[in-house]
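K.L.:
First, the structure itself, so that you have it in front of you.
The values are calculated or read from the model by the stated rules, or taken from the named source; none is laboratory data. Given the structure is predicted, the values throughout are model-derived calculations rather than measurements. Backbone-built Cβ (ideal geometry, glycine too); neighbour counts: all protein chains shown. Just so you know, the surface numbers come from the protein's heavy atoms only, side chains and all, with ligands and any DNA or RNA stripped out. Shrake-Rupley method; radii C 1.70, N 1.55, O 1.52, S 1.80 Å.
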Amino acid sequence: MKTFYMLCLLLLSLQVAGQSTSLKATETKPFKDKVKAYEITSIFTSESGETIIARNGRKKFLFDVFNTNSDKIFSEVVKSSRKEKHVGELFYNNKLNFFTVYAPKKDERILFCHTIDLNKKSYSKKTIFETTVEKKQSLFGSRKNHNTSFALSPNGNFFAIATDNIRKNKNSYTIRVYNVTSNKLVYKTAYQESSDRSFTHNDLYIDDNANVYSLGKLYVKNHKSKKHQKKTNYQFVLNKITKEGNTELLIDLDTEHIRSLRIIPNENSIQLTGFYSEINENRIKGACNFMVNTNEFKLDNKKAQVLPKQVYDDLYNYRAAKRKKKKNKELSNFEIDHVLTDSKGNTYLIAEEFYITQAYVNNGNMGGYWVTTYHYDDILILKNTKDGNLEWGRSIFKRATSPSYNAFIKNDKLHVILNSGKHLLKKKDGRTKVSRGWFESTSLYDIEYSENGDVSYNKIQDNKSKTYYSPYFGAYDMEKFIMISTKGTKKRFMTLE
């Protein structure tokens, strides 16, 4: 018994006392949801302070508008079918354009635009275009990357839509550019048409002159990359697309293996940023940046920098961290979730470790069953300067079995919002473990990073006897992060600002 009490005292001494967050948390009044819909697809706030929230429901899309007092002032429930899917959204001129694809037949696709006008508090629906595909081919590739298929120009005059048009013996891709005011087609251009090469879309950007930049991976010989090979069987290609056609900028790789890159626009240049490995696409040795001169459309500079030691210190004990850093040990199973830019042009790459395990459970009666576990574990954070230099890197030592976090930048500080155990555990080696113990209640945390990478663990609330919010289904806009409650019959929104 004495040993038990000693262990309890030791655990209590190692618990991290969460500070109060610098963010102000406010909640809406409870309201009964017309339809079950936890997934927030988009949140936008107008200059007047009204907030529109779009959500996915079962065979329905929900649109709610709240005033500055968090009172609901407009609501629209739009019926859909299992053949209609949300694929993207854009917000401009106090209007939310919510895009869905309807597949009435195996080879027919219709792109709809659902518009919520905040000024008029009205809803309308319009057909953007109709097209055909082969069999059950998707118009926008994987659903996970659907947000990279729509882009709005910085001046708000044009928007672009990128679609896949893969045929049986031919790859083909199309860019459509529309006028924002009239939603009329400005031009339509096909690109990367080939029967020998396969193109995988990564990211999309459109400038003020309606020039579209489509970034992707170009497989020359086959569609798959090998896990272990000295040289990759693909190149990255940046397509500059205009009404007249397409110009390609091929980016050759030496020993780097890169899963994906993202576009970061700068003045007269574009930065392509991501993670690289020297083993395979599923691993990370460091950050890579490619600087493209948009005036001459050429590659000006390339940088590849290994992970900082602090990344390992946050994840492993002292000896393991020192050993892994010395050998430049690569991390695995990370993929970029967020690319955030602060007011100075610095870029934050944020990725979560994801993998699946299976275990066989013997029930003792000459049989058993398999249990599948989804792991959403450590979070990797890298900060790159405007010039493409890796300034610092950190990690969050985390364990979870479902998507649990979200991230945003406010006042040039990075905030990672997540639920964890009521008491964060600080280990003897200095690491802080973000996880939930057996029978432990949960709390909502704000993990805040300063501009130089210093971290503070701030508790927003203890969830026991309070409304439970899921940051994963939240969104950030106009200096506000909004998330919805996911338990109970009545719903509330929490705003962090």
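K.L.:
Has segment 450-466 got any residue that is in contact with a Pro (Cβ under 7 Å, 6 or more places away or on another chain) and open to solvent by less than 40 Å² (accessible area, probe 1.4 Å)? Lay out the reasoning, then the answer.
P.N.:
Step one: of segment 450-466, the residues in contact with a Pro (Cβ under 7 Å, 6 or more places away or on another chain) are none.
No, that holds for no residue.
K.L.:
While we're on this one: Whether any residue in segment 328-351 is aliphatic (A, V, I, L, M) and at pLDDT below 90 is what I want to check.
P.N.:
Residues of segment 328-351 aliphatic (A, V, I, L, M): 331, 336, 339-340, 349-351.
Then drop every residue that is not at pLDDT below 90, which leaves none.
No: zero hits.
Residues checked against (1) touching a Lys or Arg at 6+ places or on another chain (Cβ under 6 Å); (2) open to solvent by less than 50 Å² (accessible area, probe 1.4 Å):
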site: D300; (1), (2): no, no
site: Y312; (1), (2): yes, yes
site: N317; (1), (2): no, no
site: A320; (1), (2): no, yes
site: D337; (1), (2): no, no
site: E353; (1), (2): no, yes
site: G367; (1), (2): no, yes
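K.L.:
Can you tell me which of (1) hydrophobic (A, V, I, L, M, F, W, C); (2) at negative phi; (3) without any contact (Cβ under 8 Å) to a residue 24 or more places away in the chain is the one I447 doesn't meet?
P.N.:
Here I447 meets the rest and fails (3).
K.L.:
Here is a further query. For segment 440-461, which positions are in contact with an Asp or Glu (Cβ under 6 Å, 6 or more places away or on another chain) and small (G, A, S)?
P.N.:
S443, S456
K.L.:
Restricting to segment 116-143, name every residue that is touching a residue at least 24 places away in the same chain (Cβ under 8 Å), loosely packed, with under 15 Cβ neighbours inside 10 Å and part of a loop (DSSP other than H, G, I, E, B).
P.N.:
Within segment 116-143, N119, K121, E134, K135, K136 meet the criteria.
K.L.:
Next up: Applying the selection to segment 40-69, what residues are in a strand (DSSP E or B), within 19 Å of K29 (Cβ to Cβ) and touching a Phe, Trp or Tyr at 6+ places or on another chain (Cβ under 8 Å)?
P.N.:
Listed by number, the residues that qualify are I40, I43, T51, I52, I53, R55, F63, D64, V65, F66.
K.L.:
Show the residue pairs that are 6+ apart or on different chains and have beta-carbon atoms under 8 Å apart, the first residue being within segment 60-78 and under 13 Å from S122 (Cβ atoms), the second being part of a loop (DSSP other than H, G, I, E, B) and open to solvent by 50 Å² or more (accessible area, probe 1.4 Å).
P.N.:
Within 8 Å, the pairs are V65/K121; I73/K121; F74/K121; S75/K34.
K.L.:
When segment 261-285 is examined, which residues are found to be within 24 Å of G345 (Cβ to Cβ) and surrounded by fewer than 20 Cβ atoms within 10 Å (Cβ to Cβ)?
P.N.:
R262, P265, N266, E267, N268, S269
K.L.:
Tally the residues that are farther than 21 Å from L139 by Cα, open to solvent by less than 40 Å² (accessible area, probe 1.4 Å) and assigned to a loop (DSSP other than H, G, I, E, B), restricting the search to segment 70-115.
P.N.:
So the count comes out to 1.
K.L.:
To continue, here is another question. Hey, could you check segment 173-205 for residues that are under 15 Å from L238 (Cα atoms) and among the small types (G, A, S) and say which is modelled with the lowest pLDDT?
P.N.:
S198
K.L.:
What pairs can you find where one residue is in segment 371-389 and open to solvent by less than 10 Å² (accessible area, probe 1.4 Å), the other is β-branched (V, I, T), and their Cβ atoms are less than 6 Å apart, with a gap of 6+ or different chains?
P.N.:
Pairs found: I379/I396; I381/I350; N384/T347.
K.L.:
Considering only segment 343-357, how many residues are in contact with a Ser or Thr (Cβ under 6 Å, 6 or more places away or on another chain), under 16 Å from N452 (Cβ atoms) and of a type in the set (S, T, Y)?
P.N.:
The number of residues fulfilling the criteria is 1.
K.L.:
Can we say S420 is open to solvent by 20 Å² or more (accessible area, probe 1.4 Å) and without any contact (Cβ under 8 Å) to a residue 60 or more places away in the chain?
P.N.:
Spelling it out, it is not the case that S420 is open to solvent by 20 Å² or more (accessible area, probe 1.4 Å) and without any contact (Cβ under 8 Å) to a residue 60 or more places away in the chain.
K.L.:
Can you tell me which residue within segment 483-497, out of those that are part of a strand (DSSP E or B) and either surrounded by fewer than 17 Cβ atoms within 10 Å (Cβ to Cβ) or modelled with pLDDT of 85 or more (or both), is nearest to the chain's Cα centre (by Cα)?
P.N.:
The qualifying residue nearest to the chain's Cα centre (by Cα) is M483.
K.L.:
Also: Could you tell me how many of the residues in segment 151-187 are assigned to a strand (DSSP E or B) and over 22 Å from L249 (Cβ atoms)?
P.N.:
6
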